[in-house]
1. Below 12 angstrom from the Cβ of Ser190, what's the summed charge of the other residues (Lys, Arg +1; Asp, Glu -1)?
2. Report, to the nearest 10°, how far helix 175-184 tilts away from the longest principal axis of the Cα atoms in the chain, using its own Cα long axis and a range of 0 to 90°.
3. Neighbour counts of other C-beta atoms within 10 Å: give me Lys231, Lys398, Lys140 arranged from fewest to most.
4. With every atom except the alpha carbons ignored, what do you get for Rg and Dmax of region 305-399, in angstroms?
5. Applying 1/(1 + (r/R0)^6) with R0 = 30 Å to the Cβ-Cβ distance of His6 and Ile60, what FRET efficiency is obtained, to the nearest 0.05?
6. Charges only on Cβ, +1 for Lys and Arg, -1 for Asp and Glu: so what's the dipole of region 340-383 about the Cα centre, in debye to the nearest 20?
7. Taking the Cα centroid of region 124-147 and of region 180-232, what is the distance between the two, rounded to the nearest whole Å?
8. Tell me, Kirkwood radius of the chain from alpha-carbon pair distances, in Å?
Amino acid sequence: MDKAFHQGMKIIEELEKSGHEAYFVGGSVRDTLMNRAIGDIDIATSATPQDIQRIFPKTIDVGAEHGTIIVLTAENESFEVTTYRTESQYSDNRRPDQVTFVKSLFEDLKRRDFTMNAIAMTKTGTIVDPFQGEKDIKRKIIRSVGIPRERFQEDALRMLRAIRFASQLSFSLESNTFLAIMNDHERLHSISVERKTAEIEKLLAGIGLKYCLELLVKTKLYKHLPELSDKKSKLLELSTKNLCNLNSRSALWAAFVHVLEIEQIDDFLTSWKLPKKVIKAVEHNIAIITNVQKYGWNKELIYQMGLKQSIEAHEVLVALNPDTETSNLHIENLYKSLPIKNKKEIVFNGHDLIKIAGEKRGKWIAELYQDMELAIIHGSTANDRAVLKEWVEKWLQKYEKSY
Ligand SMILES: Nc1ccn([C@@H]2O[C@H](COP(=O)(O)OP(=O)(O)OP(=O)(O)O)[C@@H](O)[C@H]2O)c(=O)n1
């Protein structure tokens, strides 16, 4: 059992000592059964939020009315402990608006989205699986718990979650689950953009992207995603790309907007409610990609955009065109070979220039400085005081007449 489960085990033990039931539930159980790295560990219990707060010395009330309390261990690890509940209607990312506490684990599992997510595990690793989730995991199938339509009526985001899981895990949709999504796709319209964005990011980075893009189109869910309703064919073009190696949001979104040929990147990404910082980084990636597609990789570009952004844009380009001849190019080596990494490293400064220019000082000084910077980067002059002095004198002679 994973190390993190050991901490969770102690929480379950404490709850049991006080006469309550408690189980590991949700994604961590699913991922353990699949031998995948686990994310957050969730615990479901018969204890009420007030019981949980009484039993544990360190807790954070993140939504007692929804049944969820965060329990902090002595090592400050946090675990979400949630009272058995049923739910309907979510308006934010994580918490349903209305919940009803229920008495049994079975009732709690019955309200969950997919059979693979409706498996519980005792503290000793025994599986409780009333909806045959393990069998579906083995068959690589995503199946709603009970009647799919009812599960999607409780939370329409689940339709997108189904396709996101299919992409992440490379699973297929069970036919009734698929049909229910196709019939009810319009419900996705009511879901907040932030929740859709979080799902799409996971979907784009999944290993089963091709099948999932086809599902998005077949079920018509794509029509309820920001600015995508007229992008069906571009969206399908994405299926030839392999984005699962991109490990930042800005790289992923850059690949997305590039394939979709989005012109107003800021407007497009603002409609997906992405943070300004991510939007800026996407715009920089696209600027680099456009430049490279015209002129190839060059030192000046890497100097101007910086190492981190250049590496990221290169990753995006490789994800979009894995066969490109520059896929083996080492941006880091190009960066290392730059004679200077920024303006401050130029040994000839503004005061030196003014000394030479004397009376003739003017707005041209900035231009001269920029030319000098480029000449150093391209290696046509050395970054050496005596050499640069000579270079400046020549520049002044050449351009004197025009100033
Ligand atoms: N709309 C939702 C969201 C969540 N769940 C249930 O709550 C669990 C935890 O949800 P969440 O943390 O959002 O997802 P995970 O399944 O843990 O997967 P991931 O962390 O990859 O998102 C899910 O496994 C599922 O049992 C649900 O039934 N319906």
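1. Numbers: positive: Arg187, Arg195, Lys196; negative: Asp155, Asp184, Glu186.
Its environment carries a net charge of 0.
2. In the chain, helix 175-184 runs at an angle near 70 degrees to the longest axis.
3. Values: Lys231 18, Lys398 9, Lys140 14.
The order, fewest Cβ neighbours first, is Lys398, Lys140, Lys231.
4. 17.6, 56
5. Computed FRET efficiency for His6 and Ile60: 0.90.
6. Details: 7 positive and 6 negative charges, 27 e Å.
Roughly 140 debye, rounded to the nearest 20.
7. Cα centres, region 124-147 to region 180-232: 24 Å.
8. For the chain, inverting the mean 1/r across all distinct Cα pairs yields 25.0 Å.
Bear in mind these aren't lab numbers, they're just calculated from the coordinates by the rules spelled out. The shown structure was predicted, so the numbers you read here are calculated from the model rather than taken from an experiment. Cβ: placed from backbone, ideal geometry, glycine included. Neighbour counts: every protein chain shown.
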